[in-house]
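*Asks:* Below you'll find the structure I mean.
The values are calculated or read from the model by the stated rules, or taken from the named source; none is laboratory data. Given the structure is predicted, the values throughout are model-derived calculations rather than measurements. Here the Cβ positions follow ideal geometry from the backbone for every residue, glycine too, while neighbour counts run over all protein chains shown. These area figures cover heavy atoms from the full protein model, side chains too; ligands, DNA and RNA do not enter into them. Shrake-Rupley method; radii C 1.70, N 1.55, O 1.52, S 1.80 Å.
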Amino acid sequence: MSAERSWGKAPRTGRRGSPGPGRIRARAAHPISRPDPGRSPERTDTEAVRAAAREFLELFHTENPKAGWMGPRLAAVMREIDLTGTYWHTPEELAFGARVAWRNNARCIGRLYWRSLQVRDLRTVSDARGVAGHCFDHLRAAHNGGKIRPMISVFAPETPSRPAPRIWNEQLIRYAGYEQPDGRVLGDPRYRSFTSELIRRGWRQPDRTGAFDVLPLVVETVDEGPRMFELPADTVQEVPLAHPELEWFADLGLRWHAVPVISNNRLDIGGISYPAAPFNGWYMGTEIGARNFGDTDRYAMVPEVAERMGLDTTDETSLWRDRALVEINRAVLHSFNRNGVTITDHHTESRRFLIHLEREERAGRGCPADWTWIVPPMSGSQTPVFHRYYNLETQVPNFFNDPEATHRSLYGAPPAFHRF
């Protein structure tokens, strides 16, 4: 659903009671690699853009017969590319392209819902404060009182004359990881370097640090460099974890945020790249229970839960790890359901994915899928997605990992060799 493994899924701004883009708290981060305003990004090959645009328009008009004959639109796009090296999608093309990008992404198991994606067209927004403000509105609207809406906010595209804005965070909501004197980490170890760098750049952590302190949103633009924005309290909806039978589980103080908005993947539609296009579905329970709380390089809660359950952790044949992991995942599903927040389990979602696969095959379309991502991280062989092979051919439109974005999200800076 959200591809928590680091994939990695139009409300008004400035509504009453919530800060609009003009009222967001911000601080400029100390730039390590501040963009050079006089530097143009590497130019995209015009012929490649023309070919990608033609392929996309053929797809759009084939699947949208009401759009009419493609000829006039194709001619206009080719002229625009010849003049500027790029072109501007119509709102209908953008919405279709974003939905198909979800449909094509090989790492997401939740693609059955691709048609329901709500697309926020924010391509005229390119300043850091505006991007941050609309990201906060995205979180509010996507939460929807717990009935999570699949949603994407598409900001200004990359062009031959101007770099697009970038969001450094892997997701709009991420928890800090604080290095401790004894070498341990308080919070999320995945973001210890990112946290340390943001502190060095001027972020003031809470006076009393905890395991679930929300990191600021970092937005980088060519004019302003990277800037940090505190997330307003009403944008961070969290679910406290409790267990349906183990009363002591609530004493662990665990919680997780409700809306998983992936924010550092590039959306590619017809040769146009949108580096800032935060996107969400809803969580599959194992993304939180088996990965965020189960992984040894994340919160690593399995040993503590096993100890509290009274399991024999000295003997691996007792399968204490497996038993504890199941109970953590039960707690996640129970807690989200009890709090009225949309979530799904890995067995249900695996069956739904095969429904999606069958529908795509009936429509005459390929359905790329990466087995290592589609198979859940717990009880894989008990799900129907385990027992088959998949096509891995990359299709476009799509979401793509950006190594430079990944570096920013983990280390709080662009790669040393890169100038934005």
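*Asks:* Ordered by packing density, taken as the mean number of other Cβ atoms within 10 Å over each peptide's residues, highest first, how do 215-223, 344-352 rank?
*Replies:* Values: 215-223: 23.7, 344-352: 18.2.
Ranking, from highest mean packing down: 215-223, 344-352.
*Asks:* Here's another thing I want to ask about it. In whole percent, how big is the carbon plus sulfur part of the accessible area of the chain, probe 1.4 Å, protein atoms only? Working shown, then result.
*Replies:* Working: 8950 of 18270 Å².
The C+S portion of the solvent-accessible surface of the chain is 49 percent.
*Asks:* Would you mind computing, in nm to one decimal, how far apart the modelled labels at A75 and E179 are, each placed 7 Å from Cα along Cα→Cβ?
*Replies:* Placing both labels 7 Å along Cα→Cβ, they lie 6.3 nm apart.
*Asks:* Run the quick spin-label model on L186 and T313: label points 7 Å from Cα toward the beta carbon, then report their separation in nm to one decimal.
*Replies:* That separation, rounded to one decimal, is 2.1 nm.
*Asks:* Pull out a ≥ b ≥ c, the square roots of the eigenvalues of the alpha-carbon gyration tensor of the chain, then state rounded if a/c is under 1.5, prolate if not and a/b is larger than b/c, and oblate in the remaining case.
*Replies:* Oblate, since a/c reaches 1.5 and b/c is not below a/b.
*Asks:* Applying a 10 Å radius around every beta-carbon, put 286-298, 48-60 in order of their mean neighbour count, most first.
*Replies:* Highest to lowest by the protection proxy: 286-298, 48-60.
*Asks:* While we're here: Determine ³J(HN,Hα), in whole Hz, for all residues of region 110-122 in sequence, where each value follows from phi through the Karplus function 6.51 cos²θ - 1.76 cosθ + 1.60 and θ = phi - 60°; x replaces Gly and Pro.
*Replies:* x, 6, 4, 9, 4, 5, 7, 4, 8, 10, 9, 8, 10
*Asks:* OK, next. From the phi of every residue in region 327-332, what ³J(HN,Hα) in whole Hz does the Karplus formula 6.51 cos²θ - 1.76 cosθ + 1.60 yield, where θ is phi - 60° and glycine or proline is x?
*Replies:* Per-residue couplings from phi come out as 5, 4, 5, 5, 5, 4 Hz.
*Asks:* What number comes out for accessible area per residue over region 121-268 if the probe is 1.4 Å? Units Å², please. All intermediate terms of the calculation are to be shown ahead of the outcome.
*Replies:* On the way: 5070 Å² over 148 residues.
With all protein chains present, region 121-268 gives 34 Å² per residue.
*Asks:* Another question about this same structure. So, by mean Cβ neighbours within 10 angstrom, what's the order for 78-87, 104-113 with the highest one leading?
*Replies:* 104-113, 78-87
*Asks:* Report the FRET efficiency, 1/(1 + (r/R0)^6), for R362 and T84, where r is their Cβ-Cβ distance and R0 is 51 Å, rounded to 0.05. Please list the in-between numbers first.
*Replies:* Details: r = 40 Å, r/R0 = 0.78.
In this case the efficiency is close to 0.80.
*Asks:* Where the only charges are on Cβ atoms (+1 Lys, Arg; -1 Asp, Glu), what is the dipole of the chain about its Cα centre, to the nearest 20 debye?
*Replies:* For the chain, the charge dipole is close to 1340 debye.
*Asks:* Rolling a 1.4 Å sphere over the protein heavy atoms, what is the accessible area per residue of region 331-392, to the nearest Å²?
*Replies:* Each residue of region 331-392 exposes 51 Å² on average to a 1.4 Å probe.
*Asks:* Between region 208-242 and region 91-109, how many Å separate their Cα centres?
*Replies:* About 27 Å separates the Cα centre of region 208-242 from the one of region 91-109.
*Asks:* Moving to a separate point now. With θ set to phi - 60° and the Karplus curve 6.51 cos²θ - 1.76 cosθ + 1.60, what are the ³J(HN,Hα) couplings of region 243-252 in order, to the nearest whole Hz, using x for Gly and Pro?
*Replies:* 10, x, 10, 8, 5, 5, 4, 4, 5, 5
*Asks:* Here's another thing I want to ask about it. Under 16 Å from the 7 Å Cα→Cβ point of E404, by amide nitrogen: which residues of region 148-177?
*Replies:* Counting backbone N atoms under 16 Å from the label point, the list is 156-169.
*Asks:* How much accessible surface area, in Å² rounded to 10, belongs to the heavy atoms of Y390 with a 1.4 Å probe?
*Replies:* 40
*Asks:* Would you please give the residues with an amide H less than 5 Å from that of H243, counting only those at least 5 places away or on a separate chain, with H modeled from the backbone geometry?
*Replies:* When sequence neighbours closer than 5 places are left aside, the close amide H contacts are F249, A250.
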